[in-house]
Structures are given as structure tokens and as C-alpha cells.
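Read the structure below first, then the notes.
The values are calculated or read from the model by the stated rules, or taken from the named source; none is laboratory data. Computed from a prediction, not measured in an experiment: that's the story for all the values here. Here the Cβ positions follow ideal geometry from the backbone for every residue, glycine too, while neighbour counts run over all protein chains shown. Calculation scope for accessible area: heavy atoms of the full protein, side chains included, ligands and nucleic acids excluded. Shrake-Rupley method; radii C 1.70, N 1.55, O 1.52, S 1.80 Å.
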Amino acid sequence: MPDDPTGAWTQYGANGANTFAANVSAPSQGNLAWTSDAFTRWRPAVSDGTVYTTNFDPSNDGSAIALDAQDGTEQWRTTLDASGDNVTVVVDDRCVVAYDEELVALDSQTGEQIWTESINEVEQLVADEATGTVLVASDRGIEAFRAADGERRWETNTVRHLVHTPVVYDGRVFAVGDVDGSPSLAAFSLADGSDRWQSELTATPESAAPVATQDGVIVSDDRTLVVHDRETGDQRRELGSFGEDDDVVPHTVAVDDGTVFVTSSYGAVAVDSETGTVRWHRDTPVYKPGICLGTDTIIFPVSTPEFAPDKKTISAFDRGSGEMRWYYGFDPGFHHEVTSPPVLVDGAVFFTATDIDGLGVLGDVPERDS
């Protein structure tokens, strides 16, 4: 990369609120700058010019790895002797990795293992930067730990079967799951895990995680975007429905500056967060979940668009109009595609894909010869 990428994408939705919005500029072109030597197919986290990833797989050593964001140079590697699904967040100068029934915190500068704690299991991980709290979500509920030393702060099983990442906002945790046998949106105190309220949903969202903003908590309830009051859980308004076809189930919901962006297998749409008025939409299929919102650009995986027929791509569009700005296409002959959603920091887009079996970065560099 010509410059050291700045900014941070430290967890699943860029931040604890799951907005998928990074207050940074996307690169003006999306050419491949470098790829990692280390195998990975797991979503990276980026902070302070360092990319954190894992090479968990039965054929590897289950390590956490830190790479220089500018050129991909390996900074450290810590072997954890693990395999299978795992999740990484960066918070409080810790690279925290959850896998199987373990939660491990590594020094973000050196990779030194600082603490290890047992957990029930893990589906998703979210961190609150203000308090240095890490939340582990699973079928069995939510567990909260202090990132600094691993102290278990609280645990709740009020809501179970959490398949989506919870959100943390203004001292509260909001999670979608099963409450007493009913699909629900539930709120808890971040300080002690005590129940605040539960609001029954029509159906458990099939893909999209909740998003928290000053205006409320947005969930996809039976394919309808619904805004709930953060204090009471009451439904405030609906922003639109996505019909009954399986292809239009929302993959990802992202929010920033009065606009809600939604992707599905059918395409992408931007709607006003107050009225639900459609600002723009694209019918091009979106083959993987995940959105990156930059200050002027939105980036997400797109399949066989009109500007790249028969290719799967990572594509960038104007945030205000939905017009295409650039794309990076994968070789269609080998059915290559991303294996984890792209993440955005200033001037760089990081991703993993089948054609490199590792981490790649797109940015303002000359296009490579094919």
C-alpha cells in the first residue's frame, strides 16, 4: 500500500453497535496490493496499522497472527493449538480470540498470551470499547468478561440461541434470540447483565444482526425492518418489508447518518431511517453477508453484475446514489469468491478469498498484470 492504512475495524460490525460504518474514506480504486502467506478464511480485525487474523483449520496449528497493514509483513504469531470456528475482536490493547470453549487475550503488540478463560461455547463476539468489556454469545446465552484481565463480570441465559452478534450501545446490550420459547429482542444492563426488557418478535431474524443507534434498535423481524425504542423495547415504526421469497431475506443491515442500507440475495437498497423512503436500490445479487460503509462509499460482495458478467466481485458504490465506482473481480473459471466479508479502514479493504486461501487487501495501487 502507498500509505499505512489508518482507522479501525475491530469487530464484526466495525463497532459494538453493529453499524458497519467506518468514518474513513474508501480507496478510489480496488486493485490487489498484497496477499498474506499465512492461510486464513476468517474475518480479520484491523487497528492501529495492524491486521489480526487466525489460521484455524484442521491442517494448521491454530494460531493468531498479526500482519503489518501496509505490506503484509508478519509481526507475530501465537500458536493456540485449535481448529474450527473462531471469532476475533480487538479491544483495550488486547487481541481477543474465542474458539471452542476458550477465550484467550493476547497483547496486541507482541502476541504474548495474557489470560485464558473458559466459556460455555461461542457463536459470536462483541466488545464495548468504552468499558473494555467482551461479550461471548452462544446458544446458551451471553457471558461478559473484562478485557484487561479476563475477570468474568456476569452471565445471563434469559435469551438463548443467539445466532447473531449482539450490540452494545450506551450502557446496554441488545440481543436477538429465544426468550421462554419465543423469538425476541432483549435488553440487558452492560454493567451487571440484569434484564431491562424483552420484546417479542414475529420470527427470529434469519441472517441480519441487530443494529443500535441513537434513534433506536433496528431488527429484521420476519423480513420487515422494525425500529424499537432503546428504553422500553416498544416498536416505534416499520421501515419497509422485503416480501416472502427466501431470496430477499436481509443478509446485513447497516446504518449511518440517517440512512439504512440492506443487502440480500436479491440486491441492495438504501432507505431513509425515519420514513423508510427508498433512496436507491440495485437488483444485482449479493452472494455473501457484509457491508462496509465509508464516508462516501459502500462496499459489499456482488455476484455477476452487469459491469462484470459471470464474475463474483467485491464492489464499491456511491453511498448517496448507488452508482458503481469500482470492482475487484474473481476468476470465474474456478468459482472463486470471498470467504469472509470485507472490512474497511482508511484507503484499504481487507478480505479473505478462496483464490488466495489467505488475506488480501485492495487499495490505490496499479492493477496487476493478469
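Test each condition in (1) assigned to a strand (DSSP E or B); (2) surrounded by fewer than 17 Cβ atoms within 10 Å (Cβ to Cβ); (3) acidic (Asp, Glu) for ASP192 and report the one that comes out false. Evaluating ASP192 over (1) assigned to a strand (DSSP E or B); (2) surrounded by fewer than 17 Cβ atoms within 10 Å (Cβ to Cβ); (3) acidic (Asp, Glu) leaves (1) as the failure.
Taken over the range 157-188, the criterion of being open to solvent by 10 Å² or more (accessible area, probe 1.4 Å), of a type outside the set (A, V, I, L, M, F, W, C), in contact with a strand residue (DSSP E or B) (Cβ under 6 Å, 6 or more places away or on another chain) and assigned to a strand (DSSP E or B) is satisfied by ARG160, TYR169, ARG172, ASP178, SER182.
Please indicate, with yes or no, whether at least one residue in the range 70-81 is modelled with pLDDT of 95 or more and within 26 Å of VAL260 (Cα to Cα). No, the conditions are met nowhere in the range 70-81.
Applying the criterion of being touching an Asp or Glu at 6+ places or on another chain (Cβ under 7 Å) and not in a strand (DSSP E or B) to the residues of the range 61-81, the residue that is most open to solvent (accessible area, probe 1.4 Å) is ASP81. Residue count for the range 111-128, restricted to those that are outside any strand (DSSP E or B) and either aliphatic (A, V, I, L, M) or touching a strand residue (DSSP E or B) at 6+ places or on another chain (Cβ under 6 Å) (or both): 6.
On the stretch given as the range 11-60, residues that are of a type in the set (Val, Ile, Thr), open to solvent by 10 Å² or more (accessible area, probe 1.4 Å) and under 19 Å from THR78 (Cβ atoms) total 1.
Checking each residue in the range 109-130 for being buried (at least 18 other Cβ atoms within 10 Å of the Cβ) and either under 22 Å from VAL176 (Cα atoms) or under 20 Å from the mean Cα position of the chain (by Cα) (or both) picks out ILE119, VAL122, GLU123, GLN124, LEU125, VAL126, ALA127, ASP128.
Scanning the range 17-55 for residues being in a loop (DSSP other than H, G, I, E, B), within 10 Å of the chain's Cα centre (by Cα) and at pLDDT 95 or above gives a total of 4. Against the conditions (1) surrounded by 20 or more Cβ atoms within 10 Å (Cβ to Cβ); (2) within 15 Å of the chain's Cα centre (by Cα); (3) closer than 17 Å to VAL349 by Cβ, PRO289 satisfies every one except (1). Cβ-Cβ distances below 7 Å connect the following pairs, each with a first residue in the range 140-153 that is aromatic (Phe, Trp, Tyr), a second residue that is assigned to a strand (DSSP E or B), and a separation of six or more residues or different chains: PHE145/LEU103; PHE145/GLU117; PHE145/VAL134; PHE145/ARG152; PHE145/ARG153.
Of the residues making up the range 200-242, those that are part of a loop (DSSP other than H, G, I, E, B) and polar (S, T, N, Q) are THR202, THR204, SER207, GLN214, THR232.
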